[in-house]
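Before any comments, here is the structure.
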Amino acid sequence: MPIRQLSGLFVDRPKDSNLGHFQTKSKNQFFLWVELFGLFVVVPALLYFWTPLFVLPILWMIALWCGRILLKDQTFDRTNLWRAAELIVKGKSMLKQFTVISVLLFALVYFWAPDLLFSLVMQKPLLWLLILFLYPLLSAYPQELVYRAYFFYRYRPLFPGRWPFIISNALLFGYMHIIFHNWIAVSLTSIGGVLFALMYERSSSTLLVFIAHSLYGCLLFTLGLGPFFITSPLQHFLSF
């Protein structure tokens, strides 16, 4: 055997770069799956068993944590947190959709639970106005930051196609509402999750989806469905 070939037996050969990339990618995906499961499955389950308790501070902490990760990541497009131009482009269609769904929800409450219809507006108008003012900032925006901006950026590569990702996002969004201990909250928010996920996918605008989420949330309180979307301590505090 020639000396050159013999010496080659004792020289470290460069590792396969494709194999290294695959191993790194697989490792990263594993940790992302663990993070997704912990944050979007385990945490709501724990809150379900720990309620009654005030959940908003927990939501705020999670939103701050997700926001910090997004802002520290140089590859994240920060304009996704705003993108106000999308309000002009897609705002009109969003409002049309909201109008149609508002009529359907009104009919649902009117025929299913007429005693609830506009109950908060008529019995506690000042509380209703306070909720309209505080709900968007204290609840809707943190949810959209976590479930749309963060979820879409962080976990999109884990899913093989568009619809598995959209449906997973919507179902996990609805599943989070198990903390209210009723199927109405879970069902309505799962449907809403599909609307919000599609809206964010098409616009990449957290602002647009936040406004839509705020409108639908305030609509639910206006129609009298608020008690289904509030934990027991908050119900007692607000005297629902």
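Of everything listed in (1) of a type in the set (Asp, Glu); (2) within 30 Å of Arg156 (Cβ to Cβ); (3) more than 19 Å from the chain's Cα centre (by Cα), the single unmet condition for Glu144 is (3). Evaluating Phe54 against the criteria (1) touching a Pro at 6+ places or on another chain (Cβ under 8 Å); (2) modelled with pLDDT of 95 or more leaves one unmet condition, (2). Among the criteria (1) in a helix (DSSP H, G or I); (2) loosely packed, with under 13 Cβ neighbours inside 10 Å; (3) modelled with pLDDT of 95 or more; (4) not aromatic (Phe, Trp, Tyr), the one Ile88 does not fulfil is (3). Of all the residues in segment 45-100, those that are free of Cβ contacts under 8 Å to residues at least 12 places away in the same chain, polar (S, T, N, Q) and closer than 23 Å to Leu219 by Cα number 2. Within segment 85-101, being small (Gly, Ala, Ser) and within 12 Å of Ala212 (Cβ to Cβ) holds for Gly91, Ser93.
Can you confirm whether Leu87 is farther than 27 Å from Thr231 by Cα and within 20 Å of the chain's Cα centre (by Cα)? Step through it out loud before you land on a result.
Values: farther than 27 Å from Thr231 by Cα: yes; within 20 Å of the chain's Cα centre (by Cα): yes.
When the stated conditions are applied, Leu87 passes them.
Residue pairs whose Cβ atoms lie under 8 Å apart, separated by 6 or more positions or on different chains, with the first residue in segment 127-142 and over 14 Å from Ile230 (Cα atoms) and the second modelled with pLDDT of 95 or more and surrounded by fewer than 14 Cβ atoms within 10 Å (Cβ to Cβ), are Pro142/Trp60.
Could you grab me the full set of residues in segment 122-141 that are over 16 Å from Leu215 (Cα atoms) and either under 28 Å from the mean Cα position of the chain (by Cα) or part of a helix (DSSP H, G or I) (or both)? Even if it seems obvious, please write down each step before you answer.
First pass over segment 122-141, keeping only residues over 16 Å from Leu215 (Cα atoms): 122-127.
Selection gives Met122, Gln123, Pro125, Leu126, Leu127.
Let me spell it out: the conditions are (1) within 26 Å of Ile62 (Cβ to Cβ); (2) assigned to a helix (DSSP H, G or I); (3) out of contact with any Lys or Arg (no Cβ under 9 Å at 6 or more places or on another chain), and Val103 meets all of them except one. Which number is the exception? That leaves (1) as the condition not met.
The values are calculated or read from the model by the stated rules, or taken from the named source; none is laboratory data. Everything quoted here is computed from the prediction, not taken from an experiment. Ideal geometry is used to build each Cβ from the backbone, glycine not excepted, and the neighbour counts take in all protein chains shown.
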